[in-house]
Structure formats: structure tokens, C-alpha cells
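A short worksheet on the structure shown next.
The values are calculated or read from the model by the stated rules, or taken from the named source; none is laboratory data. What you are looking at is a predicted structure, and each value in this text was computed from that prediction instead of being measured. Reconstructed Cβ throughout: ideal geometry from the backbone, glycine too, with neighbour counts over all protein chains shown.
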Amino acid sequence: MQITPAPQREVALYYPYYPATRRNFLPLALGLYKQGATDGVRRIEGPQRREVPFTATWAVKQLPSDLTVCRVVFVVPNREPLAYEVAFPNTEFIGYLVETMPGYNEQKPIELPQQFYRRILGYA
């Protein structure tokens with residue numbers, strides 16, 4: 001998946017919400033956010049170490065204080081898809097995307113941070 005970084009004027013709105021160490025990845029994270037969807041995989045820990053593909057979708061909002069409703073559908077082989085939907089403050093959701101960017105590679109599926117999955121599953 002190719003991501004076009006967000007322009008500096010949009011990135012600047014989010015600077016106050018993140019420490020300087022996380023701001024380097026903010027243009028890419030906002031670029032992904034503006035796409036409104038992503039496909040990825042969730043690596044399951046344990047002896048089998050399976051990867052479960054997912055699709056995440058959300059409506060793009062303009063302000064850091066807006067709420068973003070994210071819907072994630074996991075495609076589990078030989079089962080019905082598992083769907084979860086959670087509302088996040090924009091700054092929190094984009095923070096998860098920022099955490100994703102250091103490992104971003106156009107050739108590999110996206111994997112969101114563990115805290116994101118904990119949040120959508122109701123454990124955080």
C-alpha cells in the first residue's frame with residue numbers, strides 16, 4: 001500500500017498532541033488516515049503464530065478533537081468474519097497510526113500496534 005504524506009499545514013494541527021519523537025511519522029500517519037481505510041494483518045502470539053487479515057475503515061474528520069469511528073473486520077479462515085467498531089478521539093486514533101509508521105513498508109501489510117487491538121477488543 002502506498003501512502004502519500006499529508007501536507008505540512010494539516011500536520012501542524014496535530015503537533016501539540018504528540019511529543020517531538022513521534023512527529024517524524026505524523027505526515028505518513030495522516031496520509032494513511034486521509035485514505036479512510038487500510039488492509040493489514042494481526043499477528044497472533046503463541047505456538048502457531050498465525051496471521052489474521054483485517055480491513056479497517058473510518059470516516060475522515062478534519063479536526064484533532066473530532067471523534068473517528070473505526071470499524072475493523074477480521075477475516076478468520078473457516079469462520080464468519082469478526083467485526084468490531086469503536087469511536088476514538090482523532091488524536092488517539094492517529095496516535096496508533098503514528099506508532100505503525102516506523103515499521104511501514106509498501107510491500108508488507110500494515111500491522112497496527114498491540115494497544116489498538118486491546119482497545120477495539122475492550123481490554124483497554
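Per-residue answers, yes or no, for (1) out of contact with any Cys (no Cβ under 7 Å at 6 or more places or on another chain); (2) farther than 18 Å from PRO5 by Cα; (3) of a type outside the set (Ser, Thr, Tyr); (4) assigned to a loop (DSSP other than H, G, I, E, B):
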{"residue": "ASN24", "(1), (2), (3), (4)": "yes, no, yes, no"}
{"residue": "ARG49", "(1), (2), (3), (4)": "yes, yes, yes, yes"}
{"residue": "THR57", "(1), (2), (3), (4)": "yes, yes, no, no"}
{"residue": "PRO64", "(1), (2), (3), (4)": "yes, no, yes, yes"}
{"residue": "CYS70", "(1), (2), (3), (4)": "yes, yes, yes, no"}
{"residue": "VAL73", "(1), (2), (3), (4)": "yes, yes, yes, no"}
{"residue": "LEU97", "(1), (2), (3), (4)": "yes, no, yes, no"}
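Hey, can you tell me all the residues within the stretch 1-52 that are buried (at least 18 other Cβ atoms within 10 Å of the Cβ) and either in contact with a Lys or Arg (Cβ under 7 Å, 6 or more places away or on another chain) or among the small types (Gly, Ala, Ser) (or both)? Of everything in the stretch 1-52, those that are buried (at least 18 other Cβ atoms within 10 Å of the Cβ) and either in contact with a Lys or Arg (Cβ under 7 Å, 6 or more places away or on another chain) or among the small types (Gly, Ala, Ser) (or both) turn out to be ALA6, ALA29, GLY31, GLY40.
Residues in the stretch 53-85 that are surrounded by fewer than 16 Cβ atoms within 10 Å (Cβ to Cβ), among the aliphatic types (A, V, I, L, M) and in contact with a Gly (Cβ under 9 Å, 6 or more places away or on another chain): ALA59, VAL60. Screening the candidates GLY36, GLY31 for the property of being at positive phi and modelled with pLDDT of 95 or more yields one hit, GLY36. For ASP66, which of the numbered conditions (1) at pLDDT 95 or above; (2) charged (D, E, K, R); (3) within 19 Å of GLY122 (Cα to Cα); (4) touching a helix residue (DSSP H, G or I) at 6+ places or on another chain (Cβ under 7 Å) fails to hold? Of the numbered conditions (1) at pLDDT 95 or above; (2) charged (D, E, K, R); (3) within 19 Å of GLY122 (Cα to Cα); (4) touching a helix residue (DSSP H, G or I) at 6+ places or on another chain (Cβ under 7 Å), the odd one out for ASP66 is (3). The listed residues are VAL11, VAL72, and the only one of them that is closer than 23 Å to LEU121 by Cα and touching a residue at least 12 places away in the same chain (Cβ under 8 Å) turns out to be VAL72.
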